[in-house]
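Report on one structure; see the data block that follows.
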Amino acid sequence: MPNSPALGLRDRKRLETRLRIETAAVEIVMTEGLDGATVDMISERAEISPRTFFNYFDSKEDAILGLQEMGEVQRAIAAGIGSSESDDLVSAIVSTMFEIVGPVAARTQLKAQRMLLVKEHPRLLSRQFHQFTQLNSTMSAAVVEFLTQRETTLPRDPEHVAEIAVAACIASVRIAVKEWVANGATAEIDTMYLRAIGLTRETLKVLQ
């Protein structure tokens, strides 16, 4: 993201491993079916141990969907929003969203295969919705903390304001990713980040 430090070697290796696991999970389910796929099979193809698999994902379903282990998600939210040194709430939320989903957004083929699997297996959609609900709740709580630390006068219903702010940013990220894919997915990832921030600001300005 703009003004963010480059990923260190350790973070790059973790990202590479995570993407390798996700790709292996999707490829195996595409050929063996959801019930036929196992953590052992996914781990073998990703060239990791089953123990390492569970350092990244809670289940094979989460690996298929690209859902990070919730502890990782919570740490990313705490660092990106709860501990942010910036007073720019929109940037904090959007950058945190890209920290969580950005690497997957860059894999257009993987995303297309994943969408097919979700349509074919309703329980994957149920799992996706469950974690999305958890993500919203955790991010909203972090936004309330953000506001509490910076605002002398809080809104009447800070929890509701936080939910709306998170929803607006998530919608903007979704639109920015769709546009990026529609334009050939060749532009830098940062263009999606800037577009999402711009969309959120434009929307909030219109609503004032």
*Identify the single condition in (1) at pLDDT below 95; (2) surrounded by fewer than 19 Cβ atoms within 10 Å (Cβ to Cβ) that Tyr56 does not satisfy, given that it satisfies every other one.*
(2)
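Quick one: which of Met115, Met139 is out of contact with any Gly (no Cβ under 7 Å at 6 or more places or on another chain) and at pLDDT below 85? Even if it seems obvious, please write down each step before you answer.
Details: Met139 fails: at pLDDT below 85.
Answer to the check: Met115.
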*Can Glu32 be described as at pLDDT 85 or above, more than 23 Å from Phe132 (Cβ to Cβ), among the charged types (D, E, K, R) and touching a helix residue (DSSP H, G or I) at 6+ places or on another chain (Cβ under 9 Å)?*
yes
_For region 118-144, give me the residue count where each residue is among the charged types (D, E, K, R), under 30 Å from Pro158 (Cα atoms) and surrounded by fewer than 17 Cβ atoms within 10 Å (Cβ to Cβ)._
0
_Can you tell me how many residues within region 80-92 are within 17 Å of the chain's Cα centre (by Cα) and within 18 Å of Tyr193 (Cα to Cα)?_
5
_For the list (1) surrounded by fewer than 16 Cβ atoms within 10 Å (Cβ to Cβ); (2) under 26 Å from Leu65 (Cα atoms); (3) among the charged types (D, E, K, R), I need the number of the one condition that Glu163 fails._
(1)
*Could you grab me the full set of residues in region 59-90 that are surrounded by 22 or more Cβ atoms within 10 Å (Cβ to Cβ) and under 24 Å from Thr203 (Cβ atoms)?*
Ile77, Gly80, Ile81
*Just wondering, is there one or more residues in region 147-169 that are farther than 20 Å from Asp88 by Cα, of a type in the set (Ser, Thr, Tyr) and not in a helix (DSSP H, G or I)?*
no
*Failed condition for Asp87, given (1) in contact (Cβ under 8 Å) with a residue 24 or more places away in the chain; (2) part of a helix (DSSP H, G or I), with all others met?*
(2)
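Please enumerate the residues belonging to region 25-47 that are surrounded by fewer than 22 Cβ atoms within 10 Å (Cβ to Cβ) and within 23 Å of the chain's Cα centre (by Cα). Give the derivation first.
Restricting attention to region 25-47, the residues satisfying the condition of being surrounded by fewer than 22 Cβ atoms within 10 Å (Cβ to Cβ) are 27, 30-36, 38-41, 43-45, 47.
Listed by number, the residues that qualify are Glu27, Met30, Leu34, Val39, Ser43.
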*Of everything in region 145-158 that's surrounded by 12 or more Cβ atoms within 10 Å (Cβ to Cβ) and at pLDDT 85 or above, which residue is farthest from Ile81 (Cα to Cα)?*
Pro158
*Kindly indicate the residue of region 168-208 that is modelled with pLDDT under 85 and among the basic types (Lys, Arg) and also surrounded by the fewest Cβ atoms within 10 Å (Cβ to Cβ) among those meeting that condition.*
Lys178
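The values are calculated or read from the model by the stated rules, or taken from the named source; none is laboratory data. Predicted, not measured: the structure shown is a model, and the values here were computed from it. Here Cβ is always computed from backbone atoms with ideal geometry, including for glycine, and neighbour counts include all displayed protein chains.
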